[in-house]
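The values are calculated or read from the model by the stated rules, or taken from the named source; none is laboratory data. Predicted model, so just to flag it, every value in this text is computed and none were measured. Neighbour counts run over all protein chains shown; Cβ positions are idealised from the backbone, glycine included. Accessible surface areas use protein heavy atoms only, side chains included; no ligands, DNA or RNA. Shrake-Rupley method; radii C 1.70, N 1.55, O 1.52, S 1.80 Å.
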Amino acid sequence: MKQTPDPAFGRPALKPLALTPGEPAGIGPECVLRLRLDRGDDPLVAIADPDLLTATARRFNLPVEIIPWQPGDPLPGEGALACLAVPLGAAPKPGVLDPANGPYVLETLRAAVELVRKGEAAALVTGPVHKGVINDSGAPFTGHTEFLAELAGVPRVVMMLAAEPLRVALVTTHLPLSAVPSAITPASVGSALRITAHALQELFGIAEPRIQVLGLNPHAGEGGHLGHEDDAIIAPAMAALDLPGVTLAGPVPADTAFTPRALAGCDAVLAMYHDQGLPVLKHAGFGRAVNITLGLPFIRTSVDHGTALDIAARGGADASSLGHAVDQARAMADAAPRTMDA
C-alpha cells in the first residue's frame with residue numbers, strides 16, 4: 001500500500017479508511033462514532049451528512065467533534081472525526097425508514113468508492129443498509145456487493161464472510177432459492193473459485209490455499225440420485241481450472257463440510273448459495289464476522305449485521321463488528337500488492 005510521509009514523525013502515514021455509516025435511521029451512524037472513540041488514533045474518514053453525525057453524537061452524549069474534510073486536508077486528532085459531506089434527502093428519525101434518503105445512501109457509496117479508487121483512502125468499510133427502503137426510493141438495489149461491482153465496472157465479484165479461522169465465499173448471493181439451480185453454471189462456479197483463490201493468495205497471504213467446494217444438493221447429489229448439478233456442473237468446473245498452488249476439494253456434502261475435522265484442512269469454503277454457508281459462519285462468529293467483497297479493484301469490508309432499526313433510538317449500539325471490519329480492511333490493505341494502489 002502506498003504511504004505518504006508523516007512530517008511530524010518522519011515516517012510513513014497510513015492512508016485513511018473510508019467509512020460509510022449506511023442507513024441514516026439505523027445504528028450505523030452511532031457505530032461509526034463509537035468506533036472513533038474506541039480507535040482514537042486510527043486514520044478514518046466518514047462519508048456522510050455531518051449534521052447527522054453531529055446530531056447523533058449529541059443524542060447519545062458521544063464526545064466526538066465532526067470536522068469537515070476534503071482530500072488533501074490533514075486528518076483531525078483524537079476526539080474528532082473527519083467527514084466528507086454528502087447531504088441527506090430528509091432529516092431522519094431513528095428507527096423510521098424514509099425513502100427520501102435512499103439516494104443519499106447510494107451517493108455516500110459513490111463518493112467513498114471515488115476516494116478509494118483515486119488513492120485518497122486505503123479501503124472502503126461500509127455500515128448496514130436497508131435494501132427495501134432503497135428500492136422504495138425508486139433505485140433498483142439488490143445489495144452492496146452488486147452495487148459496488150456495477151460502480152467498479154467489473155463483471156463478477158464474490159461475497160465472502162470471514163470470522164477467523166472460518167471463511168465462506170458464495171457462488172450466488174441475493175437470489176430466491178428457486179432461482180439458485182439455474183445460476184449454478186460452469187462459468188459461475190469457475191469464476192467464483194478463481195476470484196476466491198486469487199484473493200486468498202494476494203490479500204490474505206496464503207501462498208497455497210485449500211478450498212472446500214460444497215455440492216448444491218443433499219449429499220452432493222448422491223451420485224445423481226438427488227440432483228445432477230454436482231456431477232454435471234460443479235465437478236467439471238473444478239476440474240477445468242488451472243490454479244497453480246491451489247487445492248480444491250469437492251463437491252462435498254454441505255451437512256458435513258463444517259465439522260471441525262473437515263475445516264481443519266481448508267482455508268475457505270465455497271458455498272453455492274447464501275443460506276447454505278452463511279448461517280454456519282454467523283453462528284460461529286456473529287459480531288466478529290466481516291463481509292468482504294472479492295474481485296473489486298479496491299478493498300471493501302463490511303459489518304455482519306443489519307440496520308437494527310428497533311434499537312436505533314436507544315443508544316448503546318455495539319460497534320465491535322465495525323471494528324472487526326476496519327481491522328480486516330487495514331490488514332488486507334497492508335497485504336495488497338502494489339497493483340491495487342492508485
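Please report, to one decimal in angstroms, the Kirkwood hydrodynamic radius of the range 168-302 built from all distinct Cα-Cα pairs.
Values: mean 1/r = 0.0660 Å⁻¹.
Result for the range 168-302 stands at 15.1 Å.
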Among SER137, SER302, SER191: highest mean-square fluctuation, GNM of the chain, C-alpha pairs under 10 Å: SER137
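Determine the percent antiparallel among the DSSP beta bridges restricted to the chain, to the nearest 5. Mind showing how you got there, number by number?
On the way: 15 of 43 bridges.
Of those bridges, close to 35 percent are antiparallel.
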Estimated [θ] at 222 nm from DSSP helical runs (n ≥ 4, -39500 (n - 2.57)) normalised by residues in the chain, nearest 500: -9500 deg cm²/dmol
Surface accessible to a 1.4 Å probe, per residue, for the residues of the chain, Å²: 43 Å²
Global form of the range 114-196, assessed from the alpha-carbon gyration tensor, a/c cut-off 1.5: oblate
26 Å tail of the calculated P(r), the range 1-157, as % of Cα pairs: 26 percent
Size of the range 50-119 as Cα extents on the principal axes (Å, biggest first): 35, 30, 13
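Pairs on different chains or at least eight residues apart, Cα atoms closer than 21 Å: how many lysine pairs in the chain fit? Don't skip to the end; give the middle numbers.
Values: LYS2/LYS15; LYS2/LYS118; LYS15/LYS118; LYS93/LYS131; LYS131/LYS282.
For the chain, qualifying lysine pairs total 5.
Could you work out the mean projected area of the convex hull around the alpha carbons of the chain, in square nanometres to one decimal?
Details: hull surface 68.9 nm².
The directionally averaged projection comes out at 17.2 nm².
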Of all accessible heavy-atom area on the chain, the percent that carbon and sulfur account for (1.4 Å): 54 percent
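Where nothing but the Cβ of Lys and Arg (+1) and of Asp and Glu (-1) is charged, how large is the charge dipole of the range 71-196 around its Cα centre, in debye to the nearest 20? Intermediate values should be presented prior to the final figure.
Working: 8 positive and 10 negative charges, 81 e Å.
About 380 debye.
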Rule-of-thumb Rg ratio for the range 246-317 [Cα; 2.2 N^0.38 Å; N residues]: 1.40
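Suppose every K and R has +1 on its Cβ and every D and E has -1 on its Cβ; what is the size of the dipole of the chain about the Cα centre, in Debye to the nearest 20?
On the way: 24 positive and 35 negative charges, 70 e Å.
For the chain, the charge dipole is close to 340 debye.
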Most positive-pole-ward Cα, ALA336, ALA237, GLY72, against dipole of the chain from beta carbon charges: GLY72
J(HN,Hα) series, the range 75-82, from Karplus relation 6.51 cos²θ - 1.76 cosθ + 1.60, nearest Hz, glycine and proline x: 7, x, x, 4, x, 9, 10, 5
Span from the the range 273-307 Cα centroid across to the the range 131-156 one, whole angstrom: 17 Å
Gain on full stretching of the segment that runs from ALA284 to ASP41 - 0.36 nm per residue minus C-alpha separation: 84.5 nm
